[in-house]
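Worksheet: one structure, shown below.
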Amino acid sequence: MAAINGDANPTTNGHSSIPPVTRIFSNFTANADTNLLTDQIRASLKEYIIDYIGVTLAASHSSDSTVSICNAVQALGGQKGACTVLGKGKTFTPQFAGLLNAALGHSLDFDDTYAPGTLHAGVTSIAAGLTQAEILGASVDIDHFLLAVAVGYEVTCRLGRELGNEAYARGFHNTATAGIFGAVATISVLKNLSADVIENAFGLAGSKAAGSMQYLENGSWNKRLHPGFAVHDAFLCVALAEAGVIGAASIIEGTFGFLHGYSPKENKDLDYLTSDLGHRWEFLLTSLKPFPACRMTHGFIEHAAKLGHDKKKVAIDQVRAIVLSLSPNNVSVVGAPTPNKIHPENMVDAQFSAYFTTANSYLYGSDNGVRCYEQDRLHDSGIRQLSDKISVVPDTSLKQFGSKLKIEYEDGTSDEVLIPFPLGESQHPFTRDQVNDKFFSLVNPVVGEARAKEVLDMVDNIENHTVTQLLQLVA
């Protein structure tokens, strides 16, 4: 097994034990063929695209950060073009269309997740694919578009898997840092770029890969912008590479490269990272979110509702304590016992609070959507009282998004549940009916039921349509 130790500085040139990851990914991206699109890949991509459109359209009209971000894009001249932003029209330049489509897709924290990499892959891959396909026009073969999105997903997910959630301890947001490479791959497939050009684009993207977890300090909107920055800069890196600009060699596996610099994870498996490309599709492990909150909290949201609200056992004074268990790295993201976690004052802090999401679900149920982040709920005395009875503890036996929930009652009884997989993972699946229900709940208020059904039907039968036709429906 070829590996990079998290604290080592391997030399790649002339070191046979280190696979040339960047070159392998570049060749895969350059040579990917639509024959790779299996029925399973097509079906999964359709669900991911449906979900992406739903959360993006909803955010275009309801997210509290949307107006400010759009105003900034307009001030920068980003609305002097002909590219589509979902829910905002067809007046944007490519880079800023990519930025907005990705930022809006992530603004509600309701977008798809890939558990082994602790990231959201679709928001960069789909946003980049839609914009690049629109630039190329109606002649773009729809299978070519689907292939490009699949390759972008795959590059992002494979890189995210090797970063692991250990990267969060170093302060990096995998969605963005891995996502820029996936966005570059998606754009490159659609443009039929050579492996040499793609390798330079990857090399340049390594200097643009960013996304700081410091947003947790105050619930800032940085997080929502992270995938937007990644797609915006992916267009820049591809354009520079096409113009002949030389990017850093071995940017992924190198001594000062991406994997070493962005994650302290021990013994990254570069053989697994690069093996069976086009045959073993990691991105098919991507799951859809039932709740608009950090995926790390989803087990608590589902089961707190079952133990409290759904059983009508909601009296706060009957609860002595609630103990929530997560992997140590996940505790640092959603379970730190800080004031803005225990009693959040804004949507982002609440979405990343195991305390708030559990208390809200126990008292009000899990089917709240973004309603639970309105000010009356954030300042709800019952939620705050129950949150004060919650503790979050690390448990090294828990992996990825697994969790444990224990509720101790004043009468000496208790309820305890182990949640190895939150709702939406393949082991605890989100059904197609649930995908549709989520889509309509998000899209109907924006475009109406008739248009929503038209969009859903078009994606389900995307082989008979073009990206241009799809974007006309969601502009």
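The values are calculated or read from the model by the stated rules, or taken from the named source; none is laboratory data. Please read all numbers here as calculations on a predicted model, not as lab measurements. Cβ atoms come from the backbone with ideal geometry, glycine included; neighbour counts cover every protein chain shown. Note: areas computed on protein heavy atoms with side chains; ligands, DNA, RNA excluded. Shrake-Rupley method; radii C 1.70, N 1.55, O 1.52, S 1.80 Å.
Here are some notes:
- Sequentially through the stretch 341-356, phi angles give Karplus couplings (6.51, -1.76, 1.60; θ = phi - 60°) of 8, 5, 10, x, 10, 9, 5, 5, 4, 5, 5, 10, 10, 5, 5, 5 Hz, Gly and Pro residues having no value and appearing as x.
- Furthest towards positive pole of dipole, T175, S44, V73, structure part the stretch 21-288, Cβ charges: V73
- A simple spin-label model places pseudo-atoms 7 Å from Cα toward Cβ; at V245 and K311 they are separated by 5.9 nm.
- Convex hull of the stretch 49-180 built on C-alpha atoms - directionally averaged projected area, nm²: 8.0
- For the pair N71 and T413 in one chain, pulling the backbone fully straight at 0.36 nm per residue adds 117.7 nm over the alpha carbon distance.
- The stretch 325-382 versus the stretch 439-472: alpha-carbon centroid distance in Å: 32
- Calculated accessible area for the chain comes out at 36 Å² per residue, all protein chains present (probe 1.4 Å; ligands, DNA, RNA ignored).
- Which listed pairs, of K311/K438; K223/K312; K289/K453, have C-alpha distances above 27 Å, in listed order: K223/K312
- Of K306/K389; K265/K341; K265/K399, those spanning more than 22 Å from alpha-carbon to alpha-carbon: K265/K341
- Across the alpha-carbon set of the chain, the Rg to Rh ratio works out to 0.97, Rh being the Kirkwood radius.
- Extent along principal axes [Cα atoms of the stretch 295-419; Å; largest to smallest]: 35, 34, 24
- Rg/Rg_ref, the stretch 21-288, where Rg_ref = 2.2 N^0.38 Å and atoms are Cα: 0.91
- Only Lys, Arg, Asp and Glu carry charge here, each on its Cβ (+1 for the first two, -1 for the last two); on that basis the chain has a dipole of about 560 debye about its Cα centre.
- Extension gain from N35 to K80, taking 0.36 nm per residue of separation minus the Cα-Cα distance: 12.4 nm
- Heavy-atom accessible surface of the stretch 295-419: percent carbon and sulfur, 1.4 Å: 52
- Residues of the stretch 39-72 with amide N under 17 Å of the 7 Å Cα→Cβ point at E345: none
- Put R371, R377 in order of accessible area, highest first, and with a 1.4 Å probe you get R371, R377.
- The GluC sites (Glu not before Pro) of the stretch 296-380 meeting both criteria, a DSSP state outside H, G, I, E and B (loop) and at most 16 other C-beta atoms within 10 angstrom of the site's C-beta, are E345, E374.
- K191-D457 FRET efficiency (beta carbon distance; Förster radius 41 Å; 0.05 resolution): 0.90
- Rg/Rh (Cα only; Kirkwood hydrodynamic radius) as it applies to the stretch 91-245: 0.96
- Extension gain, S381-N267: 0.36 nm per intervening residue step, less the Cα-Cα distance, totals 36.4 nm.
- A simple spin-label model places pseudo-atoms 7 Å from Cα toward Cβ; at A43 and A475 they are separated by 3.4 nm.
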